[in-house]
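J.: One structure, pasted below without further comment.
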Amino acid sequence: MLKQQLKNKQSLLGTFVKTPHYNVIEVLAHSDMDAICLDAEHAPFSRHDLDTCILAARAGSMPVLVRTPNDAPETLLNVLDMGADGVVVPHVKTAEQLSEIVKHCHYGAGGRGYAGSSRFAGYTNKSLSQNLQAGKNISVIAQLEDLDAIENIEAIAQVDGVDCLFIGRMDLTVALGETSADAPAVKQAVEHLVEVSHKAGKATGMFVGNLNELAYWKEKGVSLFLLSSDHGFMLSGAKALRETFDKA
């Protein structure tokens with residue numbers, strides 16, 4: 001179960017999916033990825049696209065996260081009712097904001113709205129108690145990528161119910177006024193976020209553009225890596241084929 005793996009800080013490999021079509025999910029479900037993340041923040045996923053892609057992931061027994069476009073309660077509700085294993089919520093800046101996100105991802109007073117007729121709930125084939133129990137398995141991943149997040153990281157890291165703090169390094173690079181993710185200021189900020197998060201017992205994750213850095217961040221204790229994307233696979237595969245062809 002993804003939530004337990006995150007809790008155990010198990011080393012996990014996933015990728016972003018940018019193409020809003022279930023065929024891509026069907027193919028990736030045959031891979032050895034630990035999870036996939038549908039990028040509804042930066043790619044053109046409609047609600048219908050998310051629905052069919054989540055269905056394809058579940059059919060292929062591939063854990064599926066959704067990076068949501070915002071932290072609105074209805075956005076989180078829709079994705080979770082479709083059956084996503086969890087959410088990656090972008091631009092988390094304060095502990096108060098994150099506490100609200102956690103509340104809206106879980107059942108309880110003022111929290112996630114309940115419907116027994118959703119895919120998540122087995123289309124009325126599960127009892128209320130079963131659904132409430134299953135709801136505890138939702139993974140909540142907060143993406144930190146703003147200057148406010150750096151300033152508030154100590155409080156953010158203390159919020160209960162968060163399964164992973166995911167560092168959005170590219171947005172952080174832009175926020176710091178840099179043009180390279182390798183800039184010393186960026187690396188220092190990322191290391192600070194990781195250090196404070198681990199002191200609070202939180203798992204951390206990140207996207208790494210330069211795969212030569214993986215060993216370094218694994219050594220630092222980062223456990224969730226969402227790397228490359230379906231677009232990246234297509235381009236790198238095409239490049240490798242071109243190079244092989246030209247050398248023949």
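The values are calculated or read from the model by the stated rules, or taken from the named source; none is laboratory data. Keep in mind it's a predicted model, so treat the numbers as computed, not measured. Neighbour counts are summed over all protein chains in view; Cβ atoms, including those assigned to glycine, are modelled from backbone coordinates with ideal geometry. We work out accessible area using only protein heavy atoms, side chains counted, and drop any ligands, DNA or RNA first. Shrake-Rupley method; radii C 1.70, N 1.55, O 1.52, S 1.80 Å.
J.: Hey, among Ala43, Ala57, which residue is farther than 19 Å from Ala142 by Cβ, out of contact with any Gly (no Cβ under 6 Å at 6 or more places or on another chain), in contact (Cβ under 8 Å) with a residue 12 or more places away in the chain and part of a helix (DSSP H, G or I)?
T.: Ala57
J.: Within the stretch 65-83, how many residues turn out to be without any contact (Cβ under 8 Å) to a residue 40 or more places away in the chain and closer than 15 Å to Asp163 by Cα?
T.: 1
J.: Now a separate question. Being open to solvent by less than 10 Å² (accessible area, probe 1.4 Å) and more than 18 Å from Val140 (Cβ to Cβ) is the filter here; which residues of the stretch 200-215 pass it? If you could, list the steps in order and put the result at the bottom.
T.: Within the stretch 200-215, the subset open to solvent by less than 10 Å² (accessible area, probe 1.4 Å) is 203-206, 208.
The answer is Val208, and nothing else.
J.: Only one of (1) farther than 27 Å from Lys7 by Cβ; (2) modelled with pLDDT of 95 or more fails for Asn210. Which number is that?
T.: (2)
Each row is one residue, and each column tells you yes or no for (1) surrounded by 12 or more Cβ atoms within 10 Å (Cβ to Cβ); (2) within 21 Å of the chain's Cα centre (by Cα); (3) of a type in the set (S, T, N, Q).
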position: Ala175; (1), (2), (3): yes, yes, no
position: Thr179; (1), (2), (3): no, no, yes
position: Val186; (1), (2), (3): yes, yes, no
position: Glu195; (1), (2), (3): yes, yes, no
position: Trp217; (1), (2), (3): yes, yes, no
position: Ser223; (1), (2), (3): yes, yes, yes
position: Gly232; (1), (2), (3): yes, yes, no
position: Ser236; (1), (2), (3): no, no, yes
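J.: Provide a single number: the residues in the stretch 147-179 that are under 26 Å from Ala84 (Cα atoms) and of a type outside the set (Lys, Arg).
T.: Qualifying residue count for the region: 16.
J.: Additional query: On the given criteria, is Gly110 in a loop (DSSP other than H, G, I, E, B) and modelled with pLDDT under 95? Step through it out loud before you land on a result.
T.: Working: in a loop (DSSP other than H, G, I, E, B): yes; modelled with pLDDT under 95: yes.
In short, yes.
J.: Right, here's the next one. Inside the stretch 57-85, can you point out the residues that are open to solvent by 30 Å² or more (accessible area, probe 1.4 Å), among the hydrophobic types (A, V, I, L, M, F, W, C) and under 21 Å from Lys18 (Cβ atoms)?
T.: Across the stretch 57-85, the qualifying residue is only Ala59.
J.: Looking at the structure I just gave you, is Leu13 in contact (Cβ under 8 Å) with a residue 40 or more places away in the chain, closer than 23 Å to Lys220 by Cβ, in contact with a strand residue (DSSP E or B) (Cβ under 6 Å, 6 or more places away or on another chain) and surrounded by fewer than 20 Cβ atoms within 10 Å (Cβ to Cβ)? It would help to see each step written out before you state the result.
T.: Details: in contact (Cβ under 8 Å) with a residue 40 or more places away in the chain: yes; closer than 23 Å to Lys220 by Cβ: yes; in contact with a strand residue (DSSP E or B) (Cβ under 6 Å, 6 or more places away or on another chain): yes; surrounded by fewer than 20 Cβ atoms within 10 Å (Cβ to Cβ): yes.
Yes: the conditions hold for Leu13.
J.: Sticking with this one: What pairs come out if I take residues in the stretch 115-143 that are open to solvent by 70 Å² or more (accessible area, probe 1.4 Å) and at pLDDT 95 or above and pair them with residues that are assigned to a loop (DSSP other than H, G, I, E, B) and not polar (S, T, N, Q) whose C-beta lies under 7 Å away, six or more apart or interchain?
T.: Ser117/Tyr123; Thr124/Gly116; Leu128/Gly116; Leu132/Tyr107
J.: State which residue is surrounded by the most Cβ atoms within 10 Å (Cβ to Cβ) when the search covers only the stretch 16-34 and only residues that are in a helix (DSSP H, G or I) and either of a type in the set (A, V, I, L, M, F, W, C) or touching a Gly at 6+ places or on another chain (Cβ under 9 Å) (or both).
T.: The residue in question is Ile25.
J.: Can I ask one more? Please go through the stretch 144-168 and pick out each residue that is buried (at least 19 other Cβ atoms within 10 Å of the Cβ) and more than 27 Å from Leu50 (Cα to Cα).
T.: Those that are buried (at least 19 other Cβ atoms within 10 Å of the Cβ) and more than 27 Å from Leu50 (Cα to Cα): Ala149, Ile150, Asn152, Ile153, Ile156, Ala157, Val159.
J.: Let me ask something else. So, in the stretch 1-10, how many residues would count as being open to solvent by 70 Å² or more (accessible area, probe 1.4 Å) and either in contact (Cβ under 8 Å) with a residue 24 or more places away in the chain or in a helix (DSSP H, G or I) (or both)?
T.: Of the residues in the stretch 1-10, the ones open to solvent by 70 Å² or more (accessible area, probe 1.4 Å) are 1, 4, 7-10.
So of that shortlist, the ones also either in contact (Cβ under 8 Å) with a residue 24 or more places away in the chain or in a helix (DSSP H, G or I) (or both) come out as 1, 4, 7, 9-10.
So the count comes out to 5.
J.: A further question follows. Within the bounds of the stretch 161-168, is there any residue that is out of contact with any strand residue (DSSP E or B) (no Cβ under 7 Å at 6 or more places or on another chain) and not in a helix (DSSP H, G or I)? Give the derivation first.
T.: Residues of the stretch 161-168 that are out of contact with any strand residue (DSSP E or B) (no Cβ under 7 Å at 6 or more places or on another chain), as a first pass: none.
No; the residues of the stretch 161-168 include none that is out of contact with any strand residue (DSSP E or B) (no Cβ under 7 Å at 6 or more places or on another chain) and not in a helix (DSSP H, G or I).
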